[in-house]
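The values are calculated or read from the model by the stated rules, or taken from the named source; none is laboratory data. Here the structure is a predicted model, which means the values were calculated and not measured. Here Cβ is always computed from backbone atoms with ideal geometry, including for glycine, and neighbour counts include all displayed protein chains. The protein model used for the area step is the full one, side chains on, heavy atoms only, and it has no ligands, DNA or RNA in it. Shrake-Rupley method; radii C 1.70, N 1.55, O 1.52, S 1.80 Å.
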Amino acid sequence: MSFAPEKPENPSPKKRPPSWSDLWLKNTKPLKHVIFTMQLQSLSSPITPTTKNKNNNNKNTKSPKMPKTQIPISNSPKFPNPSFSYPRSESDPTRKLSDQTLLQILSKLPDSNHNSISLVCKRWLNLQGRLVRTLKLLSWHFLESGRLVFRFPNLTHVDLVSGCFFSPRNSGILLTNRVFSMHLGSGFSTKWNELCEDSLFPVEVIDRGLKMLACGCPNLRKVSVIGASELGVLSLAEECMTLQELELHMCNDDVLRGIAACTNLQVLRLVGNVDGFYGSLVSDIGLTILAQGCKRLVKLELYGCEGSFDGIKAIGQCCQMLEELSICDHRMDDGWLAGLSYCENLKTLRFQSCKRIDPSPGPEDFLGCCPALERLHLHKCHLRDKKSVEAMFMVCGAVREMVLQDCWGLDNDMFSLASCCRRVEFLSLEGCSLLTTEGLESVILSWKELESLRVESCKNIKDSEISPSLSTLFSVFKELQWRPDTKSLRPSSVLGIVMGKKGGKFFKRERLFVH
């Protein structure tokens, strides 16, 4: 019995991992729809002959026959419907809506979603630009290139101040002021008075941009700009008939000639001189031109402007609708305060950052009074000149609301001059560290119409110094906010409370319940 010799068992060789070429050639199923689409295009596209006769004799040209191996689409078992088409991924269900309808839908969305909807498609990006009403320009090239007007044609409020400087935006040096801010490069000038002027675009460039903006956005209502000339302001006045609010930095008398053409202007802010940045002159000539041209002014703010009695008088006589006047860091001549009496319809008067009010106001008989004045606000002003402060309170003798905040030099003697304002109904004191409880009491007890009192951060007004008469007056107030220092918290309702020597203990007990 013979046996075949046993073959040695050889280990099976390791399988080589498939290469990308093998996978590509073997797995052709995903490419079938691509081949089918190419066949559809080859059948539907007309066949153009490669050579044409000059006499256009195309009668003898025959279309090529379909190969025998090609199966007609209508007879193909896999694709029985010849009109079948794959859905397009870029199809937009809102394309059937008109722009006006889609704008109404997008306008109902909150403002926080407007930036997100602009990323959907180009159409939504353009429509979102029509919804933008307020814009702060950071690059002047964006305006000169025409993209601002094309992208945002319905703007109503535009701030161009930051864009008028060619300072680098990626700089880590930011120079700021309560009026405006600007970025500085590493090689800025050491002369602070020339710092702003060196970084500002030429006047011709700013005027050209204003004209382009006015022609592209005729519905503008508020514009803020710096360094413009008379021609630039005239462009706004001619093209934007609805312009109601204007803010001009680095303004002078020549620029005010263009403002006179803005007949519908209601709110105006003039910034003439800013310490450390730039200096411009606004005198009585410019104020007179302004008064004769803008007779519909309702609100006027003069920042760093010069002038005198004649300029303020012209504004009061011509601008009969003026209701609010703000004087900030003024450089006016002595005696200008008497011109306020010509503002017969003035209701609000504000002084801010004024180092002096009027050192030489003149005789009391010529000061006069603003009969319709209701509110007097002083913020960060120097009140050290007794004659100046007394004249101011006499002109404002009819006020019903008085707000004094962070005013230097306001001690008991200066505050006692406010006793002539006997119609005050609301008094607010904040940051008046020189005023004491005795000085406060001597004035407010003479005001018989006082109904509301607010005292905050006045460290020399002590709770322990409140007299019984002052406590009785507190009990009849409609509103009382009493925080003269950080340790004192007093509620607005103090009815039935009698203050005496035990007042300090009362506040300590109540403080536990407030927190």
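Some observations on this one:
- Residues of region 295-333 that turn out to be of a type in the set (Ser, Thr, Tyr), part of a strand (DSSP E or B) and free of Cβ contacts under 8 Å to residues at least 60 places away in the same chain, as a count: 1
- Given (1) within 31 Å of the chain's Cα centre (by Cα); (2) over 30 Å from Met321 (Cα atoms), index of the condition Leu427 fails: (2)
- Taking the listed residues Ile312, Ile259, Ile289, the one that is under 24 Å from Pro371 (Cβ atoms) and either modelled with pLDDT of 95 or more or surrounded by 17 or more Cβ atoms within 10 Å (Cβ to Cβ) (or both) is Ile312, with no other qualifying.
- Flag for Asp275 being charged (D, E, K, R) and open to solvent by 50 Å² or more (accessible area, probe 1.4 Å): yes
- Checked against (1) modelled with pLDDT of 90 or more; (2) farther than 22 Å from Gln405 by Cα; (3) charged (D, E, K, R), Asp365 passes all but condition (1).
- Condition broken by Ile466, with the remaining ones in (1) modelled with pLDDT of 50 or more; (2) loosely packed, with under 15 Cβ neighbours inside 10 Å satisfied: (2)
- Of all residues in region 449-463, those satisfying the criterion of being closer than 18 Å to Leu434 by Cβ, open to solvent by less than 50 Å² (accessible area, probe 1.4 Å) and part of a loop (DSSP other than H, G, I, E, B) are Cys458, Ile461.
- Residues that are among the aromatic types (Phe, Trp, Tyr) and open to solvent by 10 Å² or more (accessible area, probe 1.4 Å) within region 387-445 comprise Trp408, Phe426, listed in sequence order.
- Scanning region 366-386 for residues that are under 18 Å from Ser308 (Cα atoms) and surrounded by fewer than 22 Cβ atoms within 10 Å (Cβ to Cβ) gives Phe366, Leu367, Gly368, Cys369.
- Counting only residues that are over 28 Å from the mean Cα position of the chain (by Cα), without any contact (Cβ under 8 Å) to a residue 40 or more places away in the chain and crowded, with 19+ Cβ neighbours inside 10 Å, region 334-357 holds 5 of them.
- When region 201-235 is limited to residues that are in contact with a strand residue (DSSP E or B) (Cβ under 9 Å, 6 or more places away or on another chain) and open to solvent by 20 Å² or more (accessible area, probe 1.4 Å), the one that is farthest from His157 (Cα to Cα) turns out to be Phe201.
Here's the yes/no breakdown for (1) at pLDDT below 70; (2) open to solvent by 70 Å² or more (accessible area, probe 1.4 Å):
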{"residue": "Ser91", "(1), (2)": "yes, no"}
{"residue": "Leu106", "(1), (2)": "no, no"}
{"residue": "Leu119", "(1), (2)": "no, yes"}
{"residue": "Leu138", "(1), (2)": "no, yes"}
{"residue": "Phe150", "(1), (2)": "no, yes"}
{"residue": "Gly187", "(1), (2)": "yes, yes"}
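- Matching residues, region 370-419, being polar (S, T, N, Q) and within 36 Å of the chain's Cα centre (by Cα): Ser388, Gln405
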